[in-house]
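J.: Before we start, here is the structure in question, set down as structure tokens.
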């Protein structure tokens, strides 16, 4: 009888994969991931049938972690600006607190190893976020653009904001506000 899989080992593999993919990209060797996770090479494939399965699972885990961070405590009854600011602040806080997760997620998002199924699952999970982006852009300069375009603008401005916060942590509050203002005016203006 096979031993049950350990959630701790699975978590260690995903955490190691996050760090390794953030540093080396999706071409990172699975042996390095296994070593950093503290497991034997073959053990990695007990938890994930292939490297592509591992990368897709990591992509989903990172995206869901970000979504949960952005939507926790979401102030549904507040103004559109307040709701967007809530999402923005949590996005910036998450990316600033977890730079390796952010880098790994960026690497995975542009990889051809991420399946259409994984992208679809992420899209479904971000439906509420897409609704926010659609509402945000509905009467502004981006009104004719799809929510994914508005979201990409938010991500690009967010990445710039997080990069500046990493360089000058004492200015985090100023950069977070300036980044949001740039996004808000650019999308709704």
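Derivation of every value follows stated rules applied to the coordinates shown; laboratory data play no part. Note that the coordinates shown come from a computational prediction; the quantities given were computed from them, not determined experimentally. Cβ: placed from backbone, ideal geometry, glycine included. Neighbour counts: every protein chain shown.
J.: If the convex hull of the alpha-carbon atoms of the range 144-189 is projected onto planes in all directions, what is the mean projected area in square nanometres?
T.: Working: hull surface 11.9 nm².
So the mean shadow area of the Cα hull is 3.0 nm².
J.: Using only the Cα atoms, work out Rg/Rh for the range 48-118, with Rh taken as the Kirkwood radius, to two decimals. List each step's numbers first, then the result.
T.: On the way: Rg = 14.4 Å, Rh = 13.3 Å.
On the Cα set of the range 48-118, Rg over Rh gives 1.08.
J.: Report, in degrees rounded to the nearest 10, the 0 to 90 angle that the Cα long axis of helix 147-167 makes with the longest principal axis of the chain.
T.: 80 degrees
J.: Taking the range 52-188 as the region of interest, what is the percent of Cα-Cα pairs per 5 angstrom bin, listed from the shortest bin to the one with the maximum distance?
T.: The distribution over the range 52-188 is 2, 10, 20, 22, 21, 15, 8, 2, 0, given as percents.
J.: To the nearest 500 deg cm²/dmol, what mean residue ellipticity at 222 nm is calculated for the chain from DSSP H runs of n ≥ 4 alone, each contributing -39,500 (n - 2.57), summed and divided by the residues? Mind showing how you got there, number by number?
T.: Values: 10 runs with 142 residues, N = 189.
Taken over the chain, the calculation gives -24500 deg cm²/dmol.
J.: Calculated FRET efficiency, residue 117 and residue 148, Cβ-Cβ r, R0 22 Å, to nearest 0.05? It would help to have the intermediate numbers written out before the result.
T.: Details: r = 17 Å, r/R0 = 0.79.
The pair residue 117/residue 148 has a calculated efficiency of 0.80.
J.: Further, regarding this structure: Just rank 30, 18, 115, 72, fewest to most, by other beta-carbon atoms within 10 angstrom.
T.: Result, fewest neighbours first: 72, 115, 30, 18.
J.: Over the Cα atoms of the range 12-59, what Rg and Dmax result, in angstrom?
T.: 9.1, 24
J.: Specify the angular offset, from 0 to 90 degrees and rounded to the nearest 10, of the alpha carbon long axis of helix 80-97 from the longest principal axis of the alpha carbons in the chain.
T.: So the helix axis and the longest Cα principal axis differ by about 40 degrees.
J.: Now for a different question. Jot down the per residue volume, in cubic angstrom and as a whole number, of the convex hull over the alpha-carbon atoms of the range 1-114. Please report the intermediate quantities before stating the final value.
T.: Numbers: hull volume 13.4 nm³, N = 114.
With only Cα atoms used, the range 1-114 gives 117 Å³ per residue.
J.: Among 63, 177, rank each residue by its count of other Cβ atoms within 10 Å, from fewest to most, as a rough exposure measure. Walk me through the intermediate numbers first.
T.: Numbers: 63 20, 177 15.
Exposure proxy ranking, most exposed first: 177, 63.
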